[in-house]
Each structure stands twice: as C-alpha cells, then as structure tokens.
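*Asks:* Quick one: the structure is below, questions incoming.
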Ligand SMILES: *Cc1c(COP(=O)(O)O)cnc(C)c1O
C-alpha cells in the first residue's frame with residue numbers, strides 16, 4: 001500500500017536509490033510546489049508572493065505533538081542546531097550530556113561553545129549498540145543532546161523513556177530528529193527542542209532545516225538578533241514570542257513551501273503506516289545484506305529502522321563497495337568517521353532504502369558486496 005503510493009507519487013526515481021538517509025527523492029507534487037512558487041515570485045515580485053507557511057508549520061509540529069508557533073525554518077539541520085545552542089543562555093558550569101554516537105558537527109559546536117561559556121560537556125554511557133540507558137540520565141545534568149537515530153548506525157534511541165527521565169529530573173532535552181522524522185515515531189519524546197532537516201526521510205527539497213521548540217524559555221534566544229525575530233526595543237533587541245526568533249528572514253521560500261507539501265503527503269500516507277513499512281524494509285535489507293561477501297550489519301538485525309549500516313570484511317572498504325555499487329546503478333553512501341568521530345573507527349557503508357524499494361534492488365546490492 002505505502003510502497004505503491006509512494007512510488008506512484010514520483011514519476012522519476014533514480015534507479016537503485018538506496019540513500020534516503022542522505023538525500024531522498026521528492027514527489028512530483030513537492031517539485032511542482034517549489035517550481036510553482038518560484039514562478040509566482042517572478043510574476044508578482046518575490047515580496048508579493050510570500051506564502052502562508054502556517055499550515056506547513058502545523059503539519060511539521062503535529063509530528064512531535066507541538067504547535068505551529070513552535071516551528072522555525074532554517075537552512076539545514078546543522079544551521080538549526082547552531083541557532084538553538086548558540087543563543088541559549090545556559091549558566092557557566094552547566095553540564096551538557098551527549099552520547100559518544102553524536103553527530104560530528106554537533107560535537108564540534110558543543111565543545112566550542114563549552115570552551116567559550118564554561119559549560120561542561122559530559123559523555124553519557126551507551127551500550128555496545130550505542131544505545132543510551134535512560135536510567136543513567138538525570139543526576140547532575142542540565143541539558144542532554146541526543147540523536148533519535150544517528151547518521152552512521154540504524155539504532156533507534158528509546159526517546160520516550162529518555163524524555164520521561166529528563167522531564168522527571170528537570171533536565172532540558174534536545175532531540176536531533178534529522179534521521180527520525182518521517183522514519184520512526186517521534187511523538188511522546190516530550191523534548192524541549194527538536195532539530196530536523198527536510199531532505200532525508202521527509203523527502204522534502206534540499207536547503208531547509210527546522211527547529212521545533214515546544215519548551216521555549218526566556219533563556220532561549222537566537223544566536224544573532226534579526227529584524228524578523230527581534231524587536232528594536234533596546235539596541236540588543238528582544239526576541240519576539242515563539243520560535244520565529246530563530247528564523248532567518250531571507251530564505252529559499254519555495255523550498256520551505258515544498259517541505260510543507262512533503263509533510264502533508266507524509267500525513268496523508270499515515271505516519272504509523274510509513275514507520276511500519278520502513279521498519280519492515282530495514283529488517284528485510286539486513287536479512288539480505290548481512291554476511292554478503294563477509295560484510296556485517298552493524299546494528300541489531302531486527303532494529304525497527306530502515307537505516308542499515310555495514311562493516312567491511314578484511315580486504316574490502318566502504319569506499320570501494322560504493323564505487324562497485326554505482327557501477328551497477330545502485331546509490332548507497334559511505335559514512336566517514338568524522339560523522340561520528342567518537343564512535344566510528346572506520347567508514348561504514350550506509351544503505352537506506354526509501355519506501356517502496358523493490359526486494360530485487362537489495363539482492364542486487366548483496367551481489368555487488370559479494371564481488
Ligand atoms: C544529516 C544530519 C544532521 C545535519 O543535518 P544537515 O541538514 O545535513 O545540516 C544532523 N544530525 C544527524 C543525525 C543527521 O543525520
């Protein structure tokens with residue numbers, strides 16, 4: 001059902017596309033919305049063509065149980081994280097916890113801000129799969145930053161329990177949902193803020209990221225005041241109400257409108273059905289790929305995600321395998337160690353099938369790995 005509808009919505013699919021976690025394929029309607037808005041800007045003048053993005057924000061916010069005024073559009077997940085952490089007036093000495101599986105640019109940002117502001121980064125213990133133990137959270141922490149699903153490993157963090165534990169202990173929680181929104185269920189996490197991106201599992205256009213900040217407090221401001229997000233009441237500027245304080249005024253409006261269409265399509269498909277389909281696809285892919293040519297799946301075979309990572313056997317590498325895959329018209333990605341510098345010891349091959357991926361594509365990749 002999901003498979004057919006998802007593929008039917010795309011008149012063009014790159015052959016052998018197995019990189020939804022890198023850059024997914026937008027639907028025809030998403031593409032049309034982007035182009036239509038660009039045309040409207042030319043016909044009317046850009047400022048006269050500004051669309052109402054409230055429905056897009058409402059649809060996005062609904063995926064985590066938040067409200068449209070909690071949403072700010074930015075240029076990428078990285079820009080969203082920088083805007084969120086960069087403006088946050090956490091006290092010097094604040095203890096900021098993160099698992100070693102965190103995303104490379106988040107770690108760089110955190111350590112730089114910590115050095116400037118006297119925050120104390122605290123590495124949180126994880127098990128062999130990189131999974132956080134929620135019972136370890138709480139005592140002595142002020143903020144926890146965690147990716148729901150990492151870029152380099154398809155493990156789904158237990159965010160319901162992590163969120164409950166953080167709330168009970170009065171710990172702020174930033175959930176990076178770049179790899180989870182549109183892929184696995186995010187509702188119930190109850191995070192202070194969510195950081196996401198358009199082009200991955202939500203299959204929106206490139207060049208859009210977002211913040212969803214249901215737990216906005218006066219200590220949370222944009223790193224840089226702007227005429228859109230702040231009032232000229234003092235020279236420093238006071239933030240306007242809501243998450244719009246984080247938003248840049250000038251932007252690729254057409255791409256933001258396109259993301260809105262992608263999120264509405266995701267709602268129309270039914271998020272629970274999409275999540276179930278992708279979990280199935282991931283388990284199937286791991287079953288087909290684990291052991292092929294000696295490659296080993298890095299996460300548990302039955303992990304409910306479609307982000308599959310593989311470690312090379314002696315004598316092969318992720319880079320070489322990705323080249324062989326491309327020669328067979330299969331698009332996979334290599335995750336370099338810099339993506340998760342504290343966790344990855346060698347690059348892994350990432351296989352992330354979009355909805356509706358035929359079984360034959362997975363078998364074709366298994367044959368490539370075995371060569
Ligand atoms: C992709 C990704 C990001 C960064 O998002 P961009 O839009 O590429 O800046 C952050 N965290 C995780 C887990 C990601 O997969």
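The values are calculated or read from the model by the stated rules, or taken from the named source; none is laboratory data. On a predicted model such as this, the values are computed, not experimentally measured, just so you know. Cβ sites come from the backbone with ideal geometry, for glycine too, and all protein chains shown count toward neighbours.
*Asks:* Filter the range 286-314 for residues that are within 19 Å of residue 101 (Cα to Cα) and surrounded by 20 or more Cβ atoms within 10 Å (Cβ to Cβ) and give the result.
*Replies:* 297, 298, 299, 303, 305, 306, 307, 308, 309, 310
*Asks:* Still on this structure, please answer the following. Residues that are in a strand (DSSP E or B), touching a residue at least 24 places away in the same chain (Cβ under 8 Å), in contact with a helix residue (DSSP H, G or I) (Cβ under 7 Å, 6 or more places away or on another chain) and within 17 Å of residue 176 (Cα to Cα): does the range 212-221 have at least one?
*Replies:* Yes, the conditions are met somewhere in the range 212-221.
*Asks:* While we're looking at this one, here's another question. Residue 334: surrounded by 23 or more Cβ atoms within 10 Å (Cβ to Cβ) and under 29 Å from residue 99 (Cα atoms), yes or no? Even if it seems obvious, please write down each step before you answer.
*Replies:* Details: surrounded by 23 or more Cβ atoms within 10 Å (Cβ to Cβ): no; under 29 Å from residue 99 (Cα atoms): yes.
Answer is no for this residue.
*Asks:* Here is a further query. Answer with yes or no whether residue 141 is farther than 27 Å from residue 302 by Cα and touching a residue at least 40 places away in the same chain (Cβ under 8 Å). Can you show your working first?
*Replies:* Values: farther than 27 Å from residue 302 by Cα: yes; touching a residue at least 40 places away in the same chain (Cβ under 8 Å): yes.
Spelling it out, residue 141 is indeed farther than 27 Å from residue 302 by Cα and touching a residue at least 40 places away in the same chain (Cβ under 8 Å).
*Asks:* If you scan the range 260-269, which residues turn out to be in contact (Cβ under 8 Å) with a residue 40 or more places away in the chain and closer than 30 Å to residue 359 by Cβ?
*Replies:* Within the range 260-269, 261, 262, 263, 264, 265, 266, 267, 269 qualify.
*Asks:* Tell me which residues, restricted to the range 227-257, are out of contact with any strand residue (DSSP E or B) (no Cβ under 8 Å at 6 or more places or on another chain) and without any contact (Cβ under 8 Å) to a residue 12 or more places away in the chain.
*Replies:* 232, 233, 234, 235, 236, 250
*Asks:* Shifting gears a bit: Among the helices (runs of 4 or more DSSP H) lying completely within the range 1-94, list those that include at least 2 residues that are in the same structural domain as residue 219 (by TED's automatic domain parsing) and within 16 Å of the ligand (Cβ to nearest atom).
*Replies:* 77-86
*Asks:* Would you check which residues across the range 191-206 are touching a residue at least 60 places away in the same chain (Cβ under 8 Å), crowded, with 18+ Cβ neighbours inside 10 Å and in a loop (DSSP other than H, G, I, E, B) and list them? Quick ask: steps written out before the conclusion?
*Replies:* Initially, the range 191-206 is screened for residues touching a residue at least 60 places away in the same chain (Cβ under 8 Å), giving 191, 193-206.
Still in the list and also crowded, with 18+ Cβ neighbours inside 10 Å: 191, 193-205.
Once the filter is applied, which keeps residues that are touching a residue at least 60 places away in the same chain (Cβ under 8 Å), crowded, with 18+ Cβ neighbours inside 10 Å and in a loop (DSSP other than H, G, I, E, B), the range 191-206 yields 191, 198, 199, 200, 201, 202, 203, 204, 205.
*Asks:* Please work out which residue is farthest from the ligand (Cβ to nearest atom), limiting yourself to the range 133-151 and to residues that are crowded, with 22+ Cβ neighbours inside 10 Å and closer than 19 Å to residue 187 by Cα.
*Replies:* 144
*Asks:* State whether one or more residues within the range 152-173 are within 11 Å of the ligand (Cβ to nearest atom), in contact with a helix residue (DSSP H, G or I) (Cβ under 6 Å, 6 or more places away or on another chain) and either assigned by TED's automatic domain parsing to the domain that holds residue 282 or part of a loop (DSSP other than H, G, I, E, B) (or both).
*Replies:* Among the residues of the range 152-173, at least one is within 11 Å of the ligand (Cβ to nearest atom), in contact with a helix residue (DSSP H, G or I) (Cβ under 6 Å, 6 or more places away or on another chain) and either assigned by TED's automatic domain parsing to the domain that holds residue 282 or part of a loop (DSSP other than H, G, I, E, B) (or both), which makes the answer yes.
*Asks:* Still on this model: Select, from 225, 205, 214, the only residue that is away from the ligand (no atom under 16 Å from the Cβ) and either modelled with pLDDT of 95 or more or at positive phi (or both).
*Replies:* The unique qualifying residue is 214.
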